[in-house]
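Accompanying notes for the structure given below.
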Amino acid sequence: MKSDVVKRGVERAQHRSLLRAVGCTSAEMEKPFIGVVNSFTEIVPGHIHLRDIAEAVKAGVRSGGGVPFEFNTIAVCDGIAMNHPGMKYSLPSRELIADSVEIVAEAHAFDALVFIPNCDKIIPGMLMAAVRLNLPAIFISGGPMLAGQLYIDGQARKIDLSSVFEGVGMVAKGEMSPEELERWGEVACPGCGSCAGMFTANTMNCLTEALGMGLSGNGTIPAIDAGRIRLAKEAGQQVMRLLADNICPRDIINKDSLYNAFAVDMALGGSTNSVLHLIAIAHQAGIDFSLSLINEISQRTPNLCRLSPAGSHRVEDLNLAGGIVAVMKELQGLLNLKVKTVSGKTMEGVIADKRFVNREVIRSIDNPYSAKGGIAILFGNLAPEGAVVKRAAVAPEMMVHRGPARVFDCEEEATTAILSGSIKPGEVVVIRYEGPKGGPGMREMLGPTAFLSGMGMEKEVALITDGRFSGATRGAAIGHVSPEAANRGPIAALANGDIIGIDISNYKLEVELSDEQISNRLARLAEFEPKVKTGYLSRYAERVSSASTGAVFR
């Protein structure tokens with residue numbers, strides 16, 4: 001056992017003394033040491049219940065013959081951090097999470113790990129750590145939040161966080177009072193769990209299951225459901241079997257399982273952030289997974305689900321409809337089913353069980369919402385290295401759009417313009433210098449997109465940025481434009497009035513300028529001046545790579 005280096009031999013007497021100080025008995029020193037990586041915090045709604053999940057995991061580990069030791073990572077709530085400078089820290093936290101897990105796991109020589117994430121950057125950060133360490137490991141998320149409910153015009157309506165963001169735009173347009181918006185806010189988040197729609201957190205928890213790193217139900221069993229606690233116990237027990245069989249993350253995460261994850265993502269219409277995170281995980285595993293391959297998957301994978309913000313269903317509905325297993329069973333002819341999973345079965349074995357499927361929530365492969373997947377990567381002279389759009393959440397009339405640019409050099413400028421009513425139908429809002437280096441931190445632009453939607457302009461105005469979008473974003477919102485403005489990407493050359501052409505069906509993002517015009521404009525630009533010059537963000541900006549390569553450290 002790896003943990004023998006801290007507990008066996010005469011020269012480890014002092015180590016055993018310290019282990020006894022934390023309550024470890026002599027009998028327990030003969031057993032495997034299992035790290036339980038908990039992201040509990042009192043400020044993140046998706047994480048406030050993770051102590052209970054950890055206790056269940058530890059019970060499972062003990063029943064399987066291991067000795068659990070819980071330790072923590074940081075966690076940022078993207079909703080609370082949204083639309084102000086705090087969002088600069090969200091994506092950078094992913095690298096800190098991966099690094100901190102590596103430090104604690106290696107310093108204490110754990111034999112295996114159980115990861116307990118739930119929200120946006122914690123999941124990929126932990127997956128990156130799991131691949132990097134390559135110790136037997138399993139994931140058990142905290143599960144999704146239930147949607148809130150409100151009676152509107154005599155009918156019960158489900159409300160989630162994206163509803164509240166869009167409500168701000170409705171207030172700005174005079175279609176809702178501030179008091180009514182506050183009433184929505186009071187019911188939108190009724191308790192613990194990751195926000196109720198197919199936003200980034202739930203997308204990544206579902207894709208962890210599709211990757212084979214979580215047991216069935218990891219992505220969809222609600223946070224308050226007793227089934228979540230049972231699954232946590234099972235995860236604790238199962239990590240002991242993975243240890244006994246020496247099945248490690250790199251035995252599970254490979255090009256075939258990443259293909260499966262992207263295919264499920266296309267079927268679900270998941271968050272655009274999944275592209276950033278899965279590419280980063282692939283990079284950590286030494287796997288070459290190009291953005292063009294994602295479009296190939298999108299071309300052949302139909303969109304089977306329309307979950308909030310693209311539709312009215314939430315993740316709780318997906319769970320009742322059969323969950324990720326049911327989605328994968330529907331896609332089985334398109335998947336690599338011989339891959340290993342943490343269940344000990346191949347993916348073929350995982351999806352073999354028959355399940356009830358609600359066709360209102362999960363359409364059949366013969367009757368999809370669209371023949372192509374929910375995410376598309378766009379290329380062109382405005383995004384030579386690619387840009388990402390959640391195609392499933394774009395109105396049909398905006399799949400092809402041509403309009404003049406309204407250019408802003410930060411999110412705050414764009415938000416002010418939107419809420420003041422100065423954005424006109426047909427325009428393309430451009431928010432630049434918000435990329436991984438330029439932000440720094442590649443902020444999410446849920447505020448601007450939600451405000452446009454709340455004002456009823458999501459079918460009239462497109463928005464492009466070298467920053468990111470929340471999984472809760474809907475509309476023609478195109479993010480991750482690469483290279484970013486801070487690296488003198490073409491987006492830095494744009495001026496007000498430049499005509500931008502968007503053709504999502506044909507994966508195109510172009511500005512009507514010649515290569516020479518773009519080059520001449522870029523040559524006249526002053527050298528980029530970092531916005532933050534001290535602290536972690538300054539170091540992050542120096543090291544971070546392009547969004548097209550996952551915004552990982554060079």
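The values are calculated or read from the model by the stated rules, or taken from the named source; none is laboratory data. These figures come from a predicted structure and were not determined experimentally. All Cβ positions, even for glycine, are placed from backbone atoms using ideal geometry, and neighbour counts span all protein chains on display. Note: areas computed on protein heavy atoms with side chains; ligands, DNA, RNA excluded. Shrake-Rupley method; radii C 1.70, N 1.55, O 1.52, S 1.80 Å.
In this structure, does VAL171 turn out to be of a type in the set (A, V, I, L, M), out of contact with any helix residue (DSSP H, G or I) (no Cβ under 8 Å at 6 or more places or on another chain), open to solvent by 10 Å² or more (accessible area, probe 1.4 Å) and part of a helix (DSSP H, G or I)? Considered against the rule, which asks whether it is of a type in the set (A, V, I, L, M), out of contact with any helix residue (DSSP H, G or I) (no Cβ under 8 Å at 6 or more places or on another chain), open to solvent by 10 Å² or more (accessible area, probe 1.4 Å) and part of a helix (DSSP H, G or I), VAL171 comes out as no.
Kindly indicate the residue of the stretch 290-307 that is surrounded by 20 or more Cβ atoms within 10 Å (Cβ to Cβ) and in contact with a Leu (Cβ under 7 Å, 6 or more places away or on another chain) and also nearest to GLU385 (Cα to Cα) among those meeting that condition. Checking each candidate, the answer is THR301.
Residues that are open to solvent by less than 10 Å² (accessible area, probe 1.4 Å), of a type outside the set (Ser, Thr, Tyr), modelled with pLDDT under 95 and not in a strand (DSSP E or B) are absent from the stretch 205-217.
Every test in (1) open to solvent by 40 Å² or more (accessible area, probe 1.4 Å); (2) assigned to a helix (DSSP H, G or I); (3) among the hydrophobic types (A, V, I, L, M, F, W, C) is passed by ILE48 save one, and that test is (2).
Of the set (1) in a helix (DSSP H, G or I); (2) within 19 Å of ALA235 (Cα to Cα), all apply to GLU95 but (2).
Counting the residues of the stretch 108-149 that are more than 30 Å from SER343 (Cβ to Cβ) and either touching a Leu at 6+ places or on another chain (Cβ under 8 Å) or open to solvent by 10 Å² or more (accessible area, probe 1.4 Å) (or both) gives 1.
So for the stretch 474-482 (the condition being over 17 Å from MET445 (Cβ atoms), among the hydroxyl-bearing types (Ser, Thr, Tyr) and modelled with pLDDT of 95 or more), does at least one residue qualify?
First pass over the stretch 474-482, keeping only residues over 17 Å from MET445 (Cβ atoms): none.
Within the stretch 474-482, none of the residues are over 17 Å from MET445 (Cβ atoms), among the hydroxyl-bearing types (Ser, Thr, Tyr) and modelled with pLDDT of 95 or more.
When GLY79, GLY125 are checked against the criterion of being part of a helix (DSSP H, G or I), at pLDDT below 95 and under 24 Å from LEU537 (Cβ atoms), GLY79 stands alone in meeting it.
Can ALA147 be described as at pLDDT 95 or above and closer than 26 Å to SER3 by Cα? In short, no.
Kindly establish whether VAL61 is open to solvent by 20 Å² or more (accessible area, probe 1.4 Å), on the phi < 0 side of the Ramachandran plot, in contact (Cβ under 8 Å) with a residue 24 or more places away in the chain and of a type in the set (A, V, I, L, M, F, W, C).
Working: open to solvent by 20 Å² or more (accessible area, probe 1.4 Å): no; on the phi < 0 side of the Ramachandran plot: yes; in contact (Cβ under 8 Å) with a residue 24 or more places away in the chain: yes; of a type in the set (A, V, I, L, M, F, W, C): yes.
No: the conditions fail for VAL61.
Within the option set SER90, SER17, being of a type in the set (Gly, Ala, Ser) and either touching a residue at least 24 places away in the same chain (Cβ under 8 Å) or touching a Leu at 6+ places or on another chain (Cβ under 6 Å) (or both) holds for one residue only, SER90.
Looking only at residues of the stretch 1-39 that are β-branched (Val, Ile, Thr) and within 23 Å of ALA137 (Cα to Cα), we find that the one that is most open to solvent (accessible area, probe 1.4 Å) is VAL5.
Find the strands (runs of 3 or more DSSP E) located wholly in the stretch 308-415 whose residues include 3 or more that are crowded, with 17+ Cβ neighbours inside 10 Å, out of contact with any Ser or Thr (no Cβ under 7 Å at 6 or more places or on another chain) and aliphatic (A, V, I, L, M), and list them. Please lay out each step first, then the result.
Details: elements: 376-380, 383-389, 400-408.
Filter on the stretch 308-415 gives an empty set.
In the stretch 254-270, which residue that is outside any helix (DSSP H, G or I) and within 16 Å of the chain's Cα centre (by Cα) is surrounded by the most Cβ atoms within 10 Å (Cβ to Cβ)? Step through it out loud before you land on a result.
Filtering the stretch 254-270 down to residues outside any helix (DSSP H, G or I) leaves 254, 269-270.
When the remaining residues are screened for being within 16 Å of the chain's Cα centre (by Cα), the result is 269-270.
On the way: GLY269: 26, GLY270: 30.
So, considering only residues that are outside any helix (DSSP H, G or I) and within 16 Å of the chain's Cα centre (by Cα), the one surrounded by the most Cβ atoms within 10 Å (Cβ to Cβ) is GLY270.
Selection over the stretch 527-546 of residues that are within 18 Å of ASP409 (Cα to Cα) and either open to solvent by less than 20 Å² (accessible area, probe 1.4 Å) or assigned to a helix (DSSP H, G or I) (or both) gives a count of 1.
Annotation note: Cβ proximity below 7 Å between a residue of the stretch 262-281 that is closer than 21 Å to ILE365 by Cβ and a residue that is surrounded by fewer than 24 Cβ atoms within 10 Å (Cβ to Cβ) and basic (Lys, Arg) (sequence gap 6+ or interchain) occurs for GLY269/ARG306.
In the stretch 482-496, how many are of a type in the set (A, V, I, L, M, F, W, C), crowded, with 22+ Cβ neighbours inside 10 Å, within 23 Å of ILE423 (Cβ to Cβ) and out of contact with any Leu (no Cβ under 7 Å at 6 or more places or on another chain)? Within the stretch 482-496, residues that are of a type in the set (A, V, I, L, M, F, W, C), crowded, with 22+ Cβ neighbours inside 10 Å, within 23 Å of ILE423 (Cβ to Cβ) and out of contact with any Leu (no Cβ under 7 Å at 6 or more places or on another chain) number 2.
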